[in-house]
Amino acid sequence: MRHTGILLSGALASAIAISGVANGLSPAGGMKSGVAKGGVLSAFEPYHVSGADKNTETCPVCKYPTNPAVQVWVNTDDAKNVAAIADDLEKETKTNANKYFKAFVIYINAKKQPKDVIAKRLGDVAAKEKLQNVVLAFLPGTDNGAVQHYQINTDAQVKNTVFVYRNRTVDTKFVNFVADKQGLAALNEIGRASCRER
């Protein structure tokens, strides 16, 4: 049996988008990043430091093609904001476990740290934040093909790019997402959407 997962209604997506504008989630200077709404997310193989596929290079959209999910691509974001996002998504994955909701935080490794160094750093973050479901993963560097395929802007002003999607298709996108009360409230609407089976 296949599951379509959480369904974002047009009104819900609009509410999230409006909140994004109000919360200053668009990049400074009109900069853009990420596959546009309606675009299809392609396969890629990040190294997983936490989650069900820990210590593998499992493709998130290949293994979970129909699941409702969030991907947070981290460029130059600070550790505090990323930790707040990951902590919130951890709660959402537990709340919506029966709706097959998935969450991934992908570091593009802008500084091209050695694999063992970044793996340990992210492993420490996962342990500190007690992440069980949220995946922390990383790519070798900004020259990895996935960065180009996902159209991630690696300019230092672009701290993060967040995709909300289902069936591999982008429903909503945030750039420079701020994990404050308003931002998280908008993102958490995902967990309040309904789930259906087919």
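One table, with the values for the structure above:
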| quantity | calculated |
| --- | --- |
| Output for region 41-85, where each listed residue is of a type in the set (A, V, I, L, M, F, W, C) and more than 14 Å from Val164 (Cα to Cα) | Ala43, Phe44, Val49, Ala52, Cys59, Cys62, Val74, Ala79, Val82, Ala83, Ala84 |
| For Asn133: the one exception among (1) at positive phi; (2) in contact with a Lys or Arg (Cβ under 7 Å, 6 or more places away or on another chain) | (1) |
| Residues satisfying the stated conditions in region 32-67, i.e. closer than 23 Å to Leu187 by Cα and in contact with a helix residue (DSSP H, G or I) (Cβ under 7 Å, 6 or more places away or on another chain) | Leu41, Ser42, Ser50 |
| Restricting region 96-132 to residues that are touching a strand residue (DSSP E or B) at 6+ places or on another chain (Cβ under 6 Å) and among the charged types (D, E, K, R), the residue that is nearest to Thr154 (Cα to Cα) | Lys102 |
| Selection count, region 40-65, where residues are farther than 17 Å from Asp124 by Cβ and open to solvent by less than 20 Å² (accessible area, probe 1.4 Å) | 7 |
| Among (1) without any contact (Cβ under 8 Å) to a residue 60 or more places away in the chain; (2) in contact with a strand residue (DSSP E or B) (Cβ under 8 Å, 6 or more places away or on another chain), the one test that Cys62 misses | (2) |
| Those residues of region 137-171 which are hydrophobic (A, V, I, L, M, F, W, C) and either more than 17 Å from Thr76 (Cβ to Cβ) or surrounded by fewer than 17 Cβ atoms within 10 Å (Cβ to Cβ) (or both), in sequence order | Ala137, Ala146, Ala156, Phe163, Val164, Val170 |
| Residue within region 67-84 that is in contact with a Gly (Cβ under 6 Å, 6 or more places away or on another chain), in contact (Cβ under 8 Å) with a residue 24 or more places away in the chain and either open to solvent by 50 Å² or more (accessible area, probe 1.4 Å) or not in a strand (DSSP E or B) (or both) present | yes |
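The values are calculated or read from the model by the stated rules, or taken from the named source; none is laboratory data. Computed from a predicted model, the values in this text were never measured in an experiment. Ideal geometry is used to build each Cβ from the backbone, glycine not excepted, and the neighbour counts take in all protein chains shown. All accessible areas refer to the heavy atoms of the entire protein, side chains included, with ligands and DNA or RNA removed. Shrake-Rupley method; radii C 1.70, N 1.55, O 1.52, S 1.80 Å.
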